[in-house]
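This report refers to the structure that appears directly beneath it.
The values are calculated or read from the model by the stated rules, or taken from the named source; none is laboratory data. Given the structure is predicted, the values throughout are model-derived calculations rather than measurements. Glycine also receives a Cβ, built like all others from the backbone with ideal geometry; neighbour counts cover every protein chain displayed.
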Amino acid sequence: MAQPARILVIKHSAFGDFILSTGSFRAIRAHHAGDRITLLTTEPFRALAEACPFFDAVWIDPRPGWTQPWRWLAIVRRLRAARFDRVYDLQRNDRTAAYFRLLWPRRPEWVGTVAGCSHRYVKPADRKLHIVEREVAQLAPAGVDAAPAPALDWLDAAPPLAAERMVLLVPGSAPHRPEKRWPAAAYGRLAKDLAASGYVPVLIGAAAEADARAMILAVCPQAVDLGGRTGIAEIAALARRAVAAVGNDTGPMHVIAGVGCPTVSLFGDASDPALIGPRGPRVHVLRHAPLPELAVARVRRRAGLRRSPVEVGRRLGLSAGIAERLRAAAGGGRVRLRA
């Protein structure tokens, strides 16, 4: 009986890229159903990787600096000792290319972009390719049939909030990329508008983004602040129950879109959604330069969120009683009104 093959998948970062690669992870697992698959990743993604059902083991790469040859020697020795039969290099950078070269002369099959590897993918120079499309093309020569979408059906938890008509708002971004943010004041106006229409604005983000959320809450006290209190699985759970989400080019939006929540992802000219935008069944990208000048009304229209009959009546100058009768006649639904 043949021994299971030893497979290594390399994916170090970043958070959004890791989520986008879950479709590739699933495809590799399906292709190597009886084999042992190890993921080489970095410490920030340990918990997520260990919860992912596509791997038998998770290794943490210390990513030694170029001036630390003894640490390079340690990781290369570990890779040699594991005797991997095939490596899927989904990081595709100078570090992983160096690992390939340092494994000479007994290199495993290598599915990547480094010159000399057994299954080399060369990105077309005249085409823009999203990361998931690049991975589909990279895996194909190795016989792996990947879908160009995240695979997140395994990611779930008890939601930290149970409310109807939730709209998730994600006003942050990586700390070193503030230019990717739609202004907090604009999120505040959107949240206030949504609350007046009977929706529940829910703020998602890291603890370090507290100042932005505070600005939003100052404009819309009805918003629910879950910033710093949701893990990745909790964000997925909220997204499955929300009616929509609006956010910047940031990691949590990849989770929200990937689980199927209707998503409006906001981009300026600081990044290109054609290359790194969220993927999912109901994703709408709204790009405007400069991003701070993107109108709240345009974001709301793109999200397809309807105003309550009571608010419509108020805007039309109808009495509250007539507006309530309109709501009852509509079965409690909402009617559309351009902002």
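Considering every residue within the stretch 307-320, establish whether at least one is part of a helix (DSSP H, G or I), surrounded by fewer than 17 Cβ atoms within 10 Å (Cβ to Cβ), touching a Gly at 6+ places or on another chain (Cβ under 9 Å) and at pLDDT below 95.
Checking the stretch 307-320: at least one residue is part of a helix (DSSP H, G or I), surrounded by fewer than 17 Cβ atoms within 10 Å (Cβ to Cβ), touching a Gly at 6+ places or on another chain (Cβ under 9 Å) and at pLDDT below 95.
Filter the stretch 23-34 down to the residues that are buried (at least 24 other Cβ atoms within 10 Å of the Cβ) and in contact with a helix residue (DSSP H, G or I) (Cβ under 8 Å, 6 or more places away or on another chain) and list them by number.
Ser24, Ile28
Which pairs do you get when a residue that is without any contact (Cβ under 8 Å) to a residue 40 or more places away in the chain, found in the stretch 66-79, comes within reach of a residue that is outside any helix (DSSP H, G or I) and among the hydrophobic types (A, V, I, L, M, F, W, C), reach meaning Cβ atoms under 8 angstrom, with the pair 6+ apart or on two chains?
Pairs that qualify, where the first residue is without any contact (Cβ under 8 Å) to a residue 40 or more places away in the chain and the partner is outside any helix (DSSP H, G or I) and among the hydrophobic types (A, V, I, L, M, F, W, C), are Val76/Leu103; Arg78/Trp59.
Among the residues of the stretch 49-93, what is the count of those that are farther than 13 Å from Phe25 by Cα, touching a His at 6+ places or on another chain (Cβ under 9 Å) and either among the polar types (S, T, N, Q) or outside any strand (DSSP E or B) (or both)?
3
Pairs only if they're at least six apart or on different chains, beta carbon under 8 angstrom, first in the stretch 49-60 and under 17 Å from Arg78 (Cα atoms), second part of a helix (DSSP H, G or I); list them, first residue then second.
Filtered contacts from the stretch 49-60: Val58/Arg46; Val58/Ala49; Val58/Glu50; Trp59/Arg78; Ile60/Glu43; Ile60/Arg46.
Take the stretch 208-226 and flag every residue that is in contact with a Leu (Cβ under 6 Å, 6 or more places away or on another chain) and either closer than 23 Å to Gly23 by Cβ or free of Cβ contacts under 8 Å to residues at least 40 places away in the same chain (or both).
Asp225
Just for the stretch 94-128: of the residues that are in contact (Cβ under 8 Å) with a residue 60 or more places away in the chain and in a loop (DSSP other than H, G, I, E, B), which one is surrounded by the most Cβ atoms within 10 Å (Cβ to Cβ)?
Top of the filtered list is Pro108.
I need the full set of residues from the stretch 239-296 which are more than 12 Å from the chain's Cα centre (by Cα), over 20 Å from Ala163 (Cα atoms) and part of a strand (DSSP E or B), in order please.
The answer is Val264, Leu266, Phe267, His284, Val285, Leu286, Arg287.
Residues checked against (1) over 15 Å from the mean Cα position of the chain (by Cα); (2) within 19 Å of Ala97 (Cα to Cα):
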| site | (1), (2) |
| --- | --- |
| Ile10 | yes, yes |
| Ser13 | no, yes |
| Thr22 | no, no |
| Arg26 | yes, no |
| Ala33 | yes, no |
| Ile37 | yes, no |
| Glu43 | yes, no |
| Leu48 | no, no |
| Ala51 | yes, no |
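Within the stretch 134-164, can you find the residues that are more than 19 Å from the chain's Cα centre (by Cα) and not aliphatic (A, V, I, L, M)?
Across the stretch 134-164, the qualifying residues are Gln138, Pro141, Gly143, Asp145, Pro160, Glu164.
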